[in-house]
Amino acid sequence: MSRLVQARRLEGIDKNIWVEFVKLAATYATVNLGQGFPDFPPPDFLKEAFVRALSGENHMLHQYTRAFGHPPLVKILAQFFGKLLGRDLDPMTNVMVTVGAYQALFCCFQAFVDEGDEVIIIEPFFDCYEPMVKMAGGTPVFVPLRPKAPKEGKLMSSADWQLDPAELASKFSERTKAIVLNSPNNPLGKVFSQGELELIADLCEKHDILCISDEVYEWLVYDGKKHIRIASLQGMWDRTVMIGSAGKTFSATGWKVGWTVGPNRLLQHLRTVHQNSAYHCATIAQEAVAQGFQREIELYGKPDSYLVQLPKELQQKRDWLVQSLDAVGMKPIIPEGTYFLVADISEFKSDVPDVPDSDEPYDYRFAKWMIKNKGLAAIPLSAFYCGAHKNNYNHFIRFCFAKEEATLKAANDILQKWKREKTSP
Ligand code: PMP
């Protein structure tokens, strides 16, 4: 037998929703609310910083920089997050820059998870956590957020999806190495409350485990809600790696600049993985992001701050999409944060009949049908669940509302037309 076959670590993780849905959207969708990226430009100050870095006098910005983060960027990130966390951060040991938050996650699982270790993942979850844990030889252990019925006549909110404390506690074992927390959460848009974070923190302390805290949507929080960093809770700094993304912070997902912030005792191991894999992320992009943060630290909390303006704009976009969906009966779950909104497709099921005993969850079939027949792209929610739980959550789809007003209007037109066709005899 040929030895030119896949390595053990790829077994069972070869299927990926994005390959198929990105292609489908590119082929059929006139309105793409599928993958999570803005179709509006990043702020001018960021683009200008990039241009300055690219064509300015300092030609060394075209060369390698420090592996663990371009010095101006780690310095400003240490200052920025130091201020938010109320502690002195050392730019060289408490911060590491990565190729997007994606690579930060990869470094965490490679650095901390051994064969046989368990990692708790809260469902629904950003889908790459599961294969990344498995690639490291670990076993993902899933615990779902459970939806509570909303008050009579009210739309459901992402806050109605909650952990059952006893169920969560039951997932911790002697083999548990870490829990992944993603607040604000992709895909639901849930922003975990202080109480929920304390519950998780207490279990982390009790079982002496790590928290991998994916906070890429930290600035995208609506209705006056506050994003709470679990690392700021009593006893959590020492066991938490915070992960962030310039892609989400500055609406420039293609730049792929991310970071980790945490204690040196944890980050030293991330540095080993990073050094021996990506080595570093494009110097020019790091330089521009450093300047973006320099501006933001000066304007912190002020009306001109991009981090104040962006959530305001996105909240408005969220509200437009909520109205569009609610008006046609595709019930939206109002997200407290992020780029995303999950909607209940139950009332549209008659348009896309189920195929009994199919291997494919119903929401996959529905989303594909919608892309091909209505030209509107969204992502099936069950893609954010493990194999065993997919069929429990197969009547929802996720929309991305980080889009221009014109894109959201075009989506509204499609939904309205669809509704008219449904109701006309
Ligand atoms: N975590 C979550 C929850 C995300 O939604 C994403 C991007 N969709 C990432 C991490 C990856 O971020 P980046 O683009 O910075 O790699």
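The values are calculated or read from the model by the stated rules, or taken from the named source; none is laboratory data. Model, not experiment: these values are computed from the prediction. In this analysis, Cβ positions are derived from the backbone assuming ideal geometry, glycine residues included, and neighbour counts consider all displayed protein chains. Surface areas here come from the heavy atoms of the whole protein model, side chains and all, with no ligands, DNA or RNA. Shrake-Rupley method; radii C 1.70, N 1.55, O 1.52, S 1.80 Å.
What are the semi-axes of the equivalent ellipsoid of the range 210-300, taken as the square roots of 5 times the eigenvalues of the Cα gyration tensor, listed largest first and rounded to whole Å? Walk me through the numbers on the way to the answer.
Values: eigenvalues 92, 89, 25 Å².
Listed largest to smallest, the semi-axes of the range 210-300 are 21, 21, 11 Å.
Quick one: check the C-alpha center-to-center distance for the range 282-311 versus the range 362-399, whole angstrom.
Centre-to-centre distance over Cα atoms comes out at 35 Å.
Counting other Cβ atoms within 10 Å of each Cβ, which GluC sites (Glu not before Pro) in the range 118-172 have at most 12 and sit in a DSSP loop?
Taking the range 118-172 and a limit of 12 other Cβ atoms within 10 Å, the loop GluC sites (Glu not before Pro) found are GLU152.
Would you please give the residues with an amide H less than 5 Å from that of GLU123, counting only those at least 5 places away or on a separate chain, with H modeled from the backbone geometry?
VAL143, LEU145
Residue by residue through the range 321-332, what is 3J(HN,Hα) from phi via Karplus (6.51 cos²θ - 1.76 cosθ + 1.60, θ = phi - 60°)? Round to whole Hz and write x for glycine and proline.
Along the range 321-332, the couplings run 5, 4, 4, 4, 6, 4, 5, 9, x, 9, 4, x Hz.
So what J values fall out for the range 40-47 if you push phi through Karplus, 6.51 cos²θ - 1.76 cosθ + 1.60 with θ = phi - 60°, rounded to Hz, Gly and Pro as x?
Result, rounded to whole Hz: 9, x, x, x, 4, 4, 6, 5.
Could you state the angle between the C-alpha long axis of helix 405-423 and the longest principal axis of the C-alpha atoms of the chain, as a value from 0 to 90 degrees rounded to the nearest 10?
For helix 405-423, the angle is close to 20 degrees.
Pairing the Cα long axis of helix 264-275 with the longest principal axis of the chain, what angle in degrees results, from 0 to 90 and rounded to the nearest 10?
80
Compute the accessible area per residue over the range 273-376, keeping the other protein chains in place, probe 1.4 Å, unit Å². Provide the component values of the computation, followed by the final result.
Values: 4270 Å² over 104 residues.
I get 41 Å² per residue for this part.
Just need log10 I(q)/I(0) for the chain at q = 0.07, 0.14 Å⁻¹, Debye formula, equal scatterers on the alpha-carbon atoms, no solvent, rounded to two decimals.
Result of the Debye calculation: -0.34, -1.38.
Just to check I understand the Karplus step: with θ = phi - 60° and J = 6.51 cos²θ - 1.76 cosθ + 1.60, what whole-Hz values come out for the range 79-94, glycine and proline as x?
3J(HN,Hα) across the range 79-94, in whole Hz: 5, 5, 6, x, 5, 5, 8, x, 8, 6, 10, 8, x, 7, 10, 9.
Ignoring any ligand, DNA or RNA, what whole percent of the accessible area of the chain comes from carbon and sulfur when the probe is 1.4 angstrom? Write out the running numbers ahead of the final one.
Details: 9310 of 18520 Å².
Of the solvent-accessible surface of the chain, carbon and sulfur hold 50 percent.
Using a Förster distance of 45 Å, how high is the FRET efficiency between MET60 and LYS148, based on the Cβ-Cβ distance and rounded to 0.05?
Values: r = 56 Å, r/R0 = 1.24.
Taking R0 as 45 Å, the efficiency between MET60 and LYS148 is 0.20.
Measuring from label point to label point, each 7 Å out along Cα→Cβ, what is the LYS372 to GLU347 span in nm?
2.6
Quick check on my link table: of LYS349/LYS403; LYS248/LYS372; LYS248/LYS403, which ones sit more than 18 Å apart, alpha carbon to alpha carbon?
Numbers: LYS349/LYS403 26 Å; LYS248/LYS372 29 Å; LYS248/LYS403 13 Å.
In this structure, LYS349/LYS403; LYS248/LYS372 exceed 18 Å between Cα atoms.
For the range 37-94, what does the alpha-carbon gyration tensor say about shape, rounded, prolate or oblate, given a ≥ b ≥ c as the root eigenvalues, a/c under 1.5 as rounded, and a/b over b/c as prolate? Each step should come with its number before you reach the end.
Numbers: a/c = 2.52, a/b = 1.31, b/c = 1.92.
Oblate shape, in that a/c is at least 1.5 and b/c is the bigger or equal ratio.
In nm, to one decimal, how far is the ALA169 label point from the LYS47 one, both placed 7 Å along Cα→Cβ?
5.4
What's the local net charge at LYS75, with K and R +1, D and E -1, over the other residues with C-beta under 15 Å away?
Details: positive: ARG66, LYS83, ARG295; negative: ASP88, ASP90, GLU287, GLU296, GLU298.
That works out to -2.
Could you report the range 59-128's accessible area per residue, 1.4 Å probe, as an integer in Å²?
On the way: 2640 Å² over 70 residues.
Per residue, the range 59-128 has an accessible area of 38 Å².
Hand me the chymotrypsin sites (Phe, Trp or Tyr not before Pro) from the range 39-71 located in a DSSP loop with no more than 13 other Cβ atoms within 10 Å, in residue order please. If you can, show how the numbers build up before the last one.
Details: sites: PHE45, PHE50, TYR64, PHE68; in loops: TYR64, PHE68.
Listed in order of number, the matching sites are TYR64.
Tell me the trypsin sites (Lys or Arg not before Pro) within the range 221-276 that lie in a loop according to DSSP and have at most 15 other beta-carbon atoms within 10 Å. List each step's numbers first, then the result.
Working: sites: LYS225, LYS226, ARG229, ARG239, LYS248, LYS256, ARG265, ARG271; in loops: LYS225, LYS226, ARG229, LYS256.
Answer by residue number: LYS225, LYS226.
Count the DSSP beta bridges whose two residues both fall in the chain, then state the antiparallel fraction as a percent rounded to the nearest 5. List each step's numbers first, then the result.
Numbers: 22 of 44 bridges.
Restricted to the chain, the bridges split so that about 50 percent are antiparallel.
Given R₀ = 25 Å, what would the calculated FRET efficiency be for ASN276 paired with ASP202, taking r from the Cβ atoms and rounding to 0.05? Before the final figure, lay out each step's value.
Values: r = 35 Å, r/R0 = 1.41.
Using R0 = 25 Å, I get an efficiency of 0.10.
Search the structure for amide H atoms under 5 Å from the amide H of SER157, placed 1.01 Å from N in the peptide plane, and list their residues when 5 or more places away or on another chain.
ILE334
If we count every other residue with Cβ under 10 angstrom of ILE13's Cβ, Lys/Arg +1 and Asp/Glu -1, where does the sum land? Before the final figure, lay out the partial values.
Details: positive: ARG9, LYS15, LYS134; negative: GLU11, ASP14, GLU130.
Charge balance in the 10 Å sphere: 0.
Summing +1 for each Lys or Arg and -1 for each Asp or Glu, what net charge is found among the other residues whose Cβ lies under 12 Å from the Cβ of LEU341?
Numbers: positive: LYS190, LYS317, ARG318, LYS331, ARG398, LYS403; negative: ASP319, ASP326, GLU336, ASP344.
Result for the local shell: +2.
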